[in-house]
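Below: one structure, written as structure tokens.
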Amino acid sequence: MDNREYITQLNAVSSLDRLREYAEENAVPIMDKVALEMVKQLMRIHKAESVLEIGTAIAYSGMHFASVDNQMHVTTIERNPEMYDLAVQNVKHFNYEKQVRLIFADAAEAFEKVNDREYDILFIDAAKAQSKRFFELYSPLVKKGGLIITDNILYHDFVGNIEIVRSRNVKQMVRKIEKYNDWLKEQTDYTTNFIDLGDGMSISIKER
């Protein structure tokens, strides 16, 4: 779908809920609705004002994060050019241009583009095999007492049930996620809880 065709369809979308319908109809990966609402509630509880998101997709979650408060600032990184272009159109359409900063880059190489501030929350929802790398790279930008949230740590409930997986590639992915989860448990500078919600989520509090 080219940009003109997408913009034509987007003009008929009047709310973020309708954008979810569009995403589901077109197989665009977006965050589980219940898990998203929980993260937004965590942002309210922590009085968050700044979020760094790894993995923009079409900016659905990023705009939802921005909707928590008019003062919320979201920086979000996306490496896929097609997803990035759709995110630009969506942010403009829903009038979040002042709150959502879109970064077109590989998250492994984007540090210099986003290290102009500290963040209350780091949200990791990108290449699952790279979660540890993103955590180590961007955690220094998170304020003390801030949160690092990793989505999809159960990987469609395959984590902990690897014996039911038939695909070799999926098994390799599951093992990498399990290794990341075990690594999180060992990080003494963070207190981490694992939530069985949606595709699973880890919530790490930066203690020091």
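The values are calculated or read from the model by the stated rules, or taken from the named source; none is laboratory data. If you're wondering where the values come from, they're calculated on a predicted model, not measured in any experiment. Every residue, glycine among them, receives a Cβ derived from its backbone with ideal geometry; neighbour counts consider all protein chains shown. These area figures cover heavy atoms from the full protein model, side chains too; ligands, DNA and RNA do not enter into them. Shrake-Rupley method; radii C 1.70, N 1.55, O 1.52, S 1.80 Å.
Points worth noting:
- K47 versus E25: modelled label distance in nm, points set 7 Å from Cα along the beta carbon direction: 4.2 nm
- Extension gain from E118 to E136, taking 0.36 nm per residue of separation minus the Cα-Cα distance: 5.0 nm
- Residues whose amide H falls under 5 Å from that of T56, counting only those 5 or more places apart or on a different chain, are I77, E78, R79, with hydrogens built in the peptide plane.
- Computed with every protein chain present, the accessible area of Y190 is close to 30 Å² [probe 1.4 Å].
- Filter on K47/K179; K33/K92; K113/K185; K92/K143 - keep pairs with C-alpha separation over 27 Å: K47/K179; K113/K185; K92/K143
- Using the Cβ-Cβ distance between E109 and R175 with R0 = 25 Å, the FRET efficiency computed as 1/(1 + (r/R0)^6) comes to roughly 0.45.
- K92 versus V34: modelled label distance in nm, points set 7 Å from Cα along the beta carbon direction: 3.7 nm
- Backbone N under 11 Å from the D189 label point (7 Å along Cα→Cβ), restricted to the range 122-142: 136-142
- Here the spin labels are modelled as points 7 Å beyond Cα on the Cα-Cβ line, and at S15 and D196 they lie 3.2 nm apart.
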